[in-house]
Amino acid sequence: MKVANAVAQILKKEGVDFLIGYPVNQIIEAAAEADIRTIIVRQERTGLHMADAVSRVTSGDKIGVFAMQHGPGAENAFGGVAQAYGDSVPIVVLPGGYPRRLTNIPPNFNSFLNFQRVTKWAEQVIMPDAAPDAMRRAFTQVKNGRPRPVLVEFPIDVLREEIPDSFEYVPAPRTRMGPDPRDVSRVAEVLVAAQRPVIYAGQGVHYAKAWNQLRELAELLEAPVTTSLQGKSAFPENHPLSLGSGGRSISKQLHHFLTNADLIFGIGCSFATTNYGVTMPKGKKIIHATLDPTDFNKDLRAEQVLAGDAALTLEALLAEVKDRLKGKPRGRAAGVTKEIATLKAEWLAQWMPRLTAKSAPLSPYRVIWDLLHTVDVANTIITHDAGSPRDQISPFWESVTPLSYIGWGKTTQLGYGLGLAMGAKLAAPDKLCVNFWGDAAIGFTGMDFETAARERIPILSILSNNFSMAIELKVMKVATQKYRSTDITGNYADFAKALGCHGERITEPDEIVPAIKRGIAKTREGVPTLLEFITEKAEDFSMFS
Ligand SMILES: Cc1ncc(C[n+]2csc(CCOP(=O)(O)OP(=O)(O)O)c2C)c(N)n1
Ligand SMILES: [Mg+2]
């Protein structure tokens, strides 16, 4: 058979249900021949974002796969792969390549060379017979160790060549690595001794599905829990020990507890320095438990480190901590949860005028608050976008079930949220999948509403249209005043309708909830929906420094 068909057979063996792609790449045609649903997007970036969400919302059980053509397709895909790399998402990227005789000659774009720094594994297949081995290596890398994109470039002439039908392929294994037991007991000692510990959970908890173990450890230690944006929803945010998630904007209770912590225990997180994560206060004792030792002592010095899968690490710690506590809790829970509840009530009271504002243009906070109280939160998967929408929604959206919030922002590509919501809907069709974004964000990837309509991927898109790049107002004062440089415009409800979706423009506060209900009903009928809320250029965020 042809190499392209062999690759499709391998994808099938690896459990790939759909191949997201953009022509021309012979693997797309071969996948369709092998009964793998092919989903064609309107630009490579969105397709990669969709593949990304497939991996995220399944904890990597299903690996998102994307195929594109050599040259322009590969070049245009760069952003999507870089975003997945930045946020550590395991996807398989299958670019075509120039024919072998041209592949290393400028100016031809060579994916093997150019994607090295945004993948954990990149290979170019130069011999037809090497295709199964290359795919085995790629899937082994993507299913093990730190989640990150892998890439296999297939020159177009290779894809057309034959390999024996009898080629062998066994799906790549998956394994977990656990921490050194000596480190575990040292860390347990420190955790038990801490007076005001805070647990900081990252997305490693999602990939390890270690939600129950995290909760058990928190309850055992009577310690409050926060998460990174990527880890949001790893701990129920309505739990009395929850401080809500970190991000650029955060809750008052999180700020208070971090400031007063004597120990911060990071599990499944990178502690990477970022504008879009909570900054750990200086001088705190840090314990860092994560899968990839390259994150240790990188941005923060850690007192102790534990290398391993989050589930294995938490299970080992649970046993050691239980041993030390001997069934006698320290009796801190009542005090800690009361302190959290008091601060949370104060914080929400302070924000309530914004969350329930009756003004028009609408307060974006009111839109978020009404959305939160209209959808079935436990059965919704929501994601933000770059810009103000992220910082408006992330502290106030109370996630109650694992993987119900796709948080991101190690890099912050405007327009990422649409593909994430679409990929989430593909992987979890019974969930309401929502993206919350601004009018600059829709400018990047909005055309893929046509993909949502054509492919029947009924997401609910919540747009905050303030006719502005509001988050830039502070840093573009002169350009705005002289040249209106932060102004943008559009009628996005009409735009969505023109592409075959349901679209509504909402201007009045009383109309918010009815419109959301109509939108949800439309998604149930299989129609993607865009609700365009006309909002104020809000510049207030729940920030503390
Ligand atoms: C691809 C890309 N380019 C530039 C930026 C920088 N950036 C972040 S937010 C933003 C404007 C956001 O405007 P909008 O989506 O309308 O949200 P608003 O702040 O107005 O609510 C810009 C330019 C980015 N995040 N991504
Ligand atoms: Mg805007």
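The values are calculated or read from the model by the stated rules, or taken from the named source; none is laboratory data. Quick caveat: nothing in here was measured; it's all calculated off a predicted structure. Note that each Cβ is placed from the backbone with ideal geometry, even for glycine, and that neighbours are counted across all protein chains shown. Remember, those area values only see protein heavy atoms, side chains included, never the ligands or the DNA or RNA. Shrake-Rupley method; radii C 1.70, N 1.55, O 1.52, S 1.80 Å.
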Per residue, how large is the accessible surface of the chain? Use a 1.4 angstrom probe and give square angstrom. 38 Å²
Eligible lysines near K477 by straight Cα distance, threshold 24 Å, same-chain separation 8 or greater: K537
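Need one number: % antiparallel among DSSP beta bridges in the chain, to the nearest 5.
If I count the DSSP bridges inside the chain, around 5 percent turn out antiparallel.
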For the peptides 535-544, 472-481, 458-467, what is the packing order when you average, over each peptide's residues, the other Cβ atoms within 10 Å and list the highest mean first? 458-467, 535-544, 472-481
Projected area, mean over directions - region 462-517, Cα convex hull, nm²: 4.9 nm²
So, over other residues within a Cβ distance under 9 Å of N466, counting Lys, Arg +1 and Asp, Glu -1, the net charge is -1
Given a cut-off of 46 Å, what percent of all Cα-Cα pairs of the chain lie beyond it? 14 percent
If packing is taken as the mean number of other Cβ atoms within 10 Å per residue, what is the order of 82-92, 175-185, 328-338, highest first? 82-92, 175-185, 328-338
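Taking a 26 Å limit on the Cα-Cα distance, which of the listed pairs K358/K431; K62/K232; K232/K431 fall beyond it?
With Cα atoms farther than 26 Å apart: K358/K431.
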Can you find, among A470, T489, F444, the residue sitting farthest towards the positive end of the charge dipole of region 436-500, where Lys and Arg contribute +1 and Asp and Glu -1 at Cβ? A470
Phi-derived 3J(HN,Hα) across region 538-545 with the Karplus relation (6.51, -1.76, 1.60, θ = phi - 60°), rounded Hz, x for Gly and Pro, is 5, 10, 9, 9, 7, 10, 10, 8
Rounded, prolate or oblate for region 308-437? Axes are the square roots of the Cα gyration tensor eigenvalues, ordered a ≥ b ≥ c, and the cut-off for rounded is a/c under 1.5. oblate
Quick check on region 1-125: what does the Kirkwood estimate of hydrodynamic radius come out to from the alpha carbon pairs, in Å? 14.4 Å
The percentage of the accessible area of the chain (probe 1.4 Å, all protein chains present) made up of carbon and sulfur atoms, to the nearest whole number, is 53 percent
For region 360-431, the Debye formula with one identical point scatterer on each Cα and no solvent gives log10 I(q)/I(0) at q = 0.16, 0.27 Å⁻¹ as -0.58, -1.39
So which aspartates and glutamates can K338 reach, going by Cα to Cα under 13 Å and dropping same-chain residues fewer than 8 places off? E222, E346
From zero outward in steps of 5 Å, how is the percent of C-alpha pairs of region 97-228 spread across the bins? 2, 8, 13, 14, 13, 10, 8, 8, 7, 6, 6, 4, 1, 0
Give the peptides 130-142, 51-63 in descending order of average Cβ contacts within 10 Å, highest first. 51-63, 130-142
